[in-house]
Amino acid sequence: MEDKTLLTWRSPSRMFKTRDKEFYSTIIALAILVSIVFFFIKEFLLVVVIWAAVFFIYALSNFPPDEVEHKITNQGITSLGQTHLWDDLGPFWFVEKNGTNLLKIASRRNLLGELTILLGSENRENIRKVLAEYLPYLETPQHTFADKASDWLVSKFSFEKPPKAV
């Protein structure tokens with residue numbers, strides 16, 4: 001069967017949000033505090049891991065993502081240069097996070113169990129129409145334990161100021 005492109009769009013490869021100086025000072029203060037604790041209990045490897053995480057957060061926050069092409073074909077979905085066949089994919093749904101529209105597709109091959117693609121400027125309805133021919137659409141997906149845990153962590157341990165009321 002010949003590979004036929006049904007829909008193509010471009011979007012950033014990952015979500016991006018610039019951080020202010022206060023965010024970095026909070027992260028560094030927390031890293032210093034936890035590092036001191038781990039240093040005194042002689043867990044030097046954990047100190048290195050903490051500072052590697054601080055550098056990772058800094059790098060993701062200061063370097064904007066590349067723009068990539070996403071393609072839906074009659075064979076599957078190609079995103080970030082990787083093809084996901086229809087047999088490896090499950091239901092799909094849309095989520096809005098931090099003002100960014102995301103397409104989420106359950107996946108058997110992905111380590112975390114789902115494929116996440118940013119929509120960019122592409123219309124959500126166009127994508128839904130094309131994907132609905134191959135995959136079931138979920139209006140409201142079930143929240144897994146990981147989803148609930150990450151939402152709880154973000155609500156309790158946010159390092160950003162809440163938005164000011166107008």
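The heavy atoms of LYS17 offer some 90 square angstrom of accessible surface to a 1.4 angstrom probe. Surface exposure of the chain, expressed per residue as accessible area with a 1.4 Å probe, stands at 71 Å². If you run the Gaussian network model on the chain, springs between alpha carbon atoms under 10 Å, then out of LEU102, LEU138, LEU153 the most flexible one is LEU153. Looking at segment 11-166 alone, DSSP beta bridges between its own residues are antiparallel in about 95 percent of cases. For segment 13-58, the Cβ-based charge dipole about the Cα centre amounts to some 160 debye (Lys, Arg positive; Asp, Glu negative; other atoms uncharged). The charge dipole of segment 26-166, taken about the Cα centre with unit charges on the Cβ atoms of Lys, Arg (+1) and Asp, Glu (-1), comes to about 400 debye, rounded to the nearest 20.
Of ASP147, ASP66, ASP88, the residue with the greatest mean-square motion in the GNM of the chain, using alpha carbon springs below 10 Å, is ASP147. For the chain, with all protein chains in place and a probe radius of 1.4 Å, 60% of the accessible heavy-atom surface sits on carbon or sulfur. Counting only protein heavy atoms and using a 1.4 Å probe, the accessible area of THR140 comes to about 110 Å². When the charge dipole of the chain is built from unit charges on Cβ atoms (+1 for Lys and Arg, -1 for Asp and Glu) and taken about the Cα centre, the candidate among LEU33, ILE105, THR144 whose Cα reaches farthest toward its positive end is LEU33.
Annotation: lysines with alpha-carbon distance below 23 angstrom to LYS4 (same-chain offsets under eight excluded): LYS71, LYS104, LYS129.
Note on the chain: GNM, Cα springs under 10 Å; of PHE39, PHE92, PHE16, the largest mean-square fluctuation is that of PHE39. Amide H contacts of SER107 (H built 1.01 Å from N, in plane; Pro and chain starts excluded): GLY90, GLU114, LEU115 sit under 5 Å, all sequence-distant by 5 or more or on other chains.
The values are calculated or read from the model by the stated rules, or taken from the named source; none is laboratory data. None of these values were measured; they are calculated from a predicted model. We place every Cβ from the backbone using ideal geometry, glycine too, and count neighbours over all the protein chains shown. Calculation scope for accessible area: heavy atoms of the full protein, side chains included, ligands and nucleic acids excluded. Shrake-Rupley method; radii C 1.70, N 1.55, O 1.52, S 1.80 Å.
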